[in-house]
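Asks: Provided herewith is a single structure, encoded as structure tokens, for subsequent inquiry.
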Amino acid sequence: MPNRIRIDSQGFTLIELMVVIIILGILAMYVGPKIMGRPEEAKQVKAKVDISALETALKLYKLDSGVYPSTDQGLQALVEKPETGNVPTKWREGGYLEKNKVPKDPWGNEFVYISPGVHGDFDIISYGSDGVPGGEGQNKDINNWEIE
């Protein structure tokens, strides 16, 4: 009898495998939507960070030139010396933004710049994922005057 090998312990049964698959399916059903919602939140946070960086660059521009760029000059005045309107005499060589280009919002749209702004010296707006004014949830506009 000592030479006998147990044959009944060779693996999982079909029922055990089905129970595990069902449990994994239930977990995926509850966890999946929560994970999938995060990319949109990340884009909204990035838009807020980009707007804050643009605000800082605009403040540096004003320190050098005495005024903010006009709406016509736009944010492009942060990377190229304006040639129309109120042309700054002490514009910083190399511009005021890294990579020497104006970033787009995380959805690939241009930021809207208005100076003088309705809510302050200037307004910077990202229209969110739908690219049109207004909206709720992921389509909500992100405005510099609402960022804390």
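The values are calculated or read from the model by the stated rules, or taken from the named source; none is laboratory data. None of the values given here were measured: they were computed from a predicted structure. Cβ atoms come from the backbone with ideal geometry, glycine included; neighbour counts cover every protein chain shown. Ligands, DNA and RNA are stripped out before the accessible areas are found, and what is left, the full protein with its side chains, is counted by its heavy atoms. Shrake-Rupley method; radii C 1.70, N 1.55, O 1.52, S 1.80 Å.
Asks: How much net charge surrounds residue 120 when only other residues with a Cβ under 15 Å from its Cβ are counted (Lys, Arg +1; Asp, Glu -1)?
Replies: Net charge in that neighbourhood comes out at -3.
Asks: Using +1 on the beta carbon of Lys and Arg, -1 on that of Asp and Glu, and nothing else charged, what's the dipole of the chain about the Cα centre, debye to 20?
Replies: I would put it at about 700 debye.
Asks: With the full set of protein chains in place, find how many percent of the accessible area of the stretch 74-148 is carbon and sulfur; take the probe as 1.4 Å.
Replies: 46 percent
Asks: Can you compute the FRET efficiency between residue 38 and residue 98 using 1/(1 + (r/R0)^6), with r the Cβ-Cβ distance and R0 = 25 Å? Round to the nearest 0.05.
Replies: That pair, residue 38 with residue 98, gives E of 0.45.
Asks: Residue by residue through the stretch 70-80, which ³J(HN,Hα) values in whole Hz follow from phi under the Karplus form 6.51 cos²θ - 1.76 cosθ + 1.60 (θ = phi - 60°), with glycine and proline marked x?
Replies: Coupling constants for the stretch 70-80: 6, 4, 5, 5, x, 5, 4, 5, 7, 10, 10 Hz.
Asks: Over 24 Å between C-alpha atoms is what I'm after, so list which of 46/81; 81/140; 59/140; 62/104; 46/90; 99/140 land there.
Replies: Over 24 Å Cα-Cα: 46/81; 81/140; 59/140; 46/90; 99/140.
Asks: Just to be sure I understand the model, the point goes 7 Å from the Cα along the line to the Cβ. What's the resulting residue 132 to residue 110 distance in nm?
Replies: Each label point lies 7 Å from its Cα, and together they span 2.0 nm.
Asks: Further question on the same structure: Give me the Å³ per residue figure for the convex hull around the C-alpha atoms of the chain.
Replies: Given the Cα convex hull of the chain, per-residue volume reads 198 Å³.
Asks: Okay, next question. How many Å² of accessible area per residue for the chain, probe 1.4 Å?
Replies: Ligands and nucleic acids excluded, the figure is 72 Å² per residue.
Asks: Can I ask one more? From Cα pairs below 8 angstrom and at least 6 apart in sequence, can you work out the relative contact order of the stretch 8-148, rounded to a whole percent?
Replies: Relative contact order of the stretch 8-148: 19 percent.
Asks: How much net charge surrounds residue 79 when only other residues with a Cβ under 11 Å from its Cβ are counted (Lys, Arg +1; Asp, Glu -1)?
Replies: After counting each charged neighbour, the total is +2.
Asks: Could you give the length gained by full extension between residue 26 and residue 12, i.e. 0.36 nm per residue of separation minus their alpha carbon distance, to one decimal place?
Replies: Full extension of this stretch gives 3.0 nm more.
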